[in-house]
Every structure is written in structure tokens, then in C-alpha cells.
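Peer 1: Below: one structure in C-alpha cells.
What follows draws every value from the coordinates through simple rules; no lab data is involved. Small disclaimer: the values here were computed from a predicted structure and weren't measured. Note: ideal-geometry Cβ built from the backbone for every residue, glycine included; neighbour counts use all protein chains shown.
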Amino acid sequence: MLPSRNPRVALPFVIPALAMLAAVILLPGLYVFWLSFHASSFGQSPVYVGLANYAKILADPYFWRALKNTIVVVLVVVHVELLLGLGVALLFAHGLPFRKWLIACVLAPYAVSEVGAVVMWRTMFDPEAGLVTRWLLGLGISPLEWSVVPMHGLLLVALLSIWLHLPFSFIILYAARLSIPKDLYEAARVDGAGAWQCFRRITLPLMMPAILIAMLFRYIFAYRLFSEVWLLTGGGPARQTEVVAIYLYLEAFRYNDFGAATATGWLMVLTSLALALVYLRKLHREMHAHDG
């Protein structure tokens, strides 16, 4: 007997999953959205204030500085990470000795907790006695004064985030590269195509959906950057390295303004959705470029 194609048959099987998603995502999200229109704090009943929370945030220079820092770090992290992941994936796909061991080394940062990674990087880049600091001084290069120079702090945050999350981009791109049939490259070489032409005409177009997926997820994850900044610089000095997630945390748990914090959260959600729609449209065009 052929299985039924009526979607109602599968409905009882998906209702538990939908109910769980509604309980842990939809309902809390709606509550946060409702709270963003109210003034609220510890032990205080919410008072409706309309768009006052959003107006307060958009008039706050600290928010705009945090947003600028977030955009700068995200752009650097995502694009550098993607280029490195693509390069390493292509290198491994062409064959390397001890490939299994090298893949394990590339994936190792994913097994390190963010707290442990920050402690390790703080030790290596310690301005007084860090190992990397001594290397830089030995090469005649000024070390990163990440605890006092805001740009150095953001640079170290970006480097740490790239190191931590490079395995994610690498594994997606490596799997996409391995899925390309070898016959295509053999046929291209028979026709006289070189390495660059194979990459531009075969590898890049066929890997583009995977590249867009990797960029989409990394943009969304990097936009919520929190722990690396909080554990490394705490947003200092003088809130100069603050990102949007740190701004939200401070509004909620240092200044006890839950209304402003939830409004900040919803601004993050809306900007993430806008960014996701851009990449989803590109992904849709890439996947259906050759249809019909």
C-alpha cells in the first residue's frame, strides 16, 4: 500500500514538536514583544509606555556605538572566517597527508568552551608576559593593547571569534566541495581548463548555496556576539568595545530597565530577520537559477 499524500495524516505526528516550539520560542517571544512596550524592572508591575522604550534606545549614543562595533566585528569575522574556511576546505579536498589528523586539528576549537578559550587567549595576549606578545616584540611589532585601546580589543575579539567558529564554516564548505562529482573536473581538464577556470566555472557556482548558508548562519550567530566580548573586555574601556548584546545585558541587569532591554532584543531580531531575508533570497535564486 502506498503511503498517503494527505498532509493531514502527518499532523498528529508533528503537533508535539510544534507545541514544544511554541512553548519555548513563540510564547516567550510574544511576551518579550509585549514587554517592550512597557516600563518594567525587578518587582515592578509593567506600565504601558508605547514606543518610549524604542525612542529611548534610538536616542542613546551608547546604543549606536554598540551597533557600530557589532557591525564592524561581524563583517570582519564572517568574511575572514568564510575565506579561511573555503581555502582550508579546498586544500583538504585536493588531498593532504595525514588528512584525518589535520581535520581533527581544524575541528578542535569547537570542543573548547568559550570561557576556556577566553582564558587561554587572555594569557597568550597578556600585554606583559603573554607568549604572543613576546613573539610580536621579538619581531619588532607592537603588541595588542587590548585592555586599553578599543580597536585592539575589538580586533582580539574578532580573532577569537574566528578561531572558535571556523570549524562550523569549514565543515559546511568541505562537505559541499566533496559533493561535487569528480567527472566534472576531469571533463574540464580534457577541454583544457586550468585550475582557476575550474574553480570559477565549477567549484564556486556549485558551492554557492553552501557558501550562502554558511554566511547566513554565521551572520545571525555573530550578530548575537556576547560571551567573547563580555569575558574578554567586559565592553570596556568606558563602554568603547560594547556590542548590542552587551548593551541589552547592561540595560536589563545593571540598570534594571527590562523594557529597554526587551526593545533592544526585538531590534536585534528585526535586523537579523532583514539580513536573513537578503541571504534567503540570494539562496533561492542560486538554487533555482537553472530551473525551467
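Peer 1: Within the stretch 27-42, name every residue whose backbone N is under 17 Å away from a label modeled 7 Å from Cα of residue 55 along the Cβ vector.
Peer 2: Inside the label zone: 36-40.
Peer 1: Compute the separation of the alpha-carbon centres of the stretch 164-191 and the stretch 250-282 and state it in Å as a whole number.
Peer 2: With the stretch 164-191 and the stretch 250-282 each reduced to a Cα centre, they are spaced 35 Å.
Peer 1: Taking the Cα centre of the stretch 129-217 as origin and charging only Cβ (+1 Lys, Arg; -1 Asp, Glu), how large is the dipole, in debye to the nearest 20? Mind showing how you got there, number by number?
Peer 2: Working: 6 positive and 4 negative charges, 19 e Å.
The dipole of the stretch 129-217 has a size of about 80 debye.
Peer 1: So, one more: Give me the distance in nm between label points sitting 7 Å out from Cα along the Cα-to-Cβ direction at residue 142 and residue 270, one decimal.
Peer 2: If labels sit at residue 142 and residue 270, their model points lie 4.1 nm apart.
Peer 1: Relative contact order of the chain, please, whole-number percent, based on alpha carbon pairs below 8 angstrom and at least 6 residues apart. Working shown, then result.
Peer 2: On the way: 292 pairs, mean separation 83.6, N = 292.
Here the relative contact order equals 29 percent.
Peer 1: Here's a follow-up. Taking springs between alpha-carbon atoms closer than 10 angstrom, which of 59, 195, 252 fluctuates most in the Gaussian network model of the chain?
Peer 2: 195
Peer 1: For residue 253 and residue 114, calculate 0.36 nm times their separation in residues minus their Cα-Cα distance, and state this gained length in nm to one decimal. If you can, show how the numbers build up before the last one.
Peer 2: Details: separation 139, 0.36 × 139 = 50.04 nm, distance 2.14 nm.
Additional length available on full extension: 47.9 nm.
Peer 1: Please report the base-10 log of the normalised intensity I(q)/I(0) for the stretch 140-284, using a Debye sum with one equal scatterer per alpha carbon and no solvent, at each q in 0.10, 0.15, 0.17 (1/Å).
Peer 2: With no solvent term, the Cα-only Debye profile gives -0.54, -0.90, -1.01.
Peer 1: Let me ask something else. Which value results when the Cα radius of gyration for the stretch 1-119 is divided by 2.2 N^0.38 Å?
Peer 2: Values: Rg = 24.2 Å, N = 119, 2.2 N^0.38 = 13.5 Å.
Relative to the rule-of-thumb radius for its length, the stretch 1-119 sits at 1.79.
Peer 1: Highest first, please rank the peptides 240-250, 106-116, 203-213 by the mean number of other Cβ atoms sitting within 10 Å of their residues.
Peer 2: Details: 240-250: 23.0, 106-116: 12.6, 203-213: 17.7.
Highest to lowest by the protection proxy: 240-250, 203-213, 106-116.
Peer 1: Working only with C-alpha atoms, what are the Rg and Dmax values of the stretch 94-160, expressed in angstrom?
Peer 2: Cα only, the stretch 94-160: 15.0, 44 Å (Rg, Dmax).
Peer 1: Could you give me the percent of Cα pairs per 5 Å distance bin for the stretch 64-209, shortest bin first, beginning at zero and ending with the bin that holds the maximum distance?
Peer 2: Computed distribution, short to long bins: 2, 8, 14, 16, 15, 15, 11, 8, 6, 4, 2, 0.
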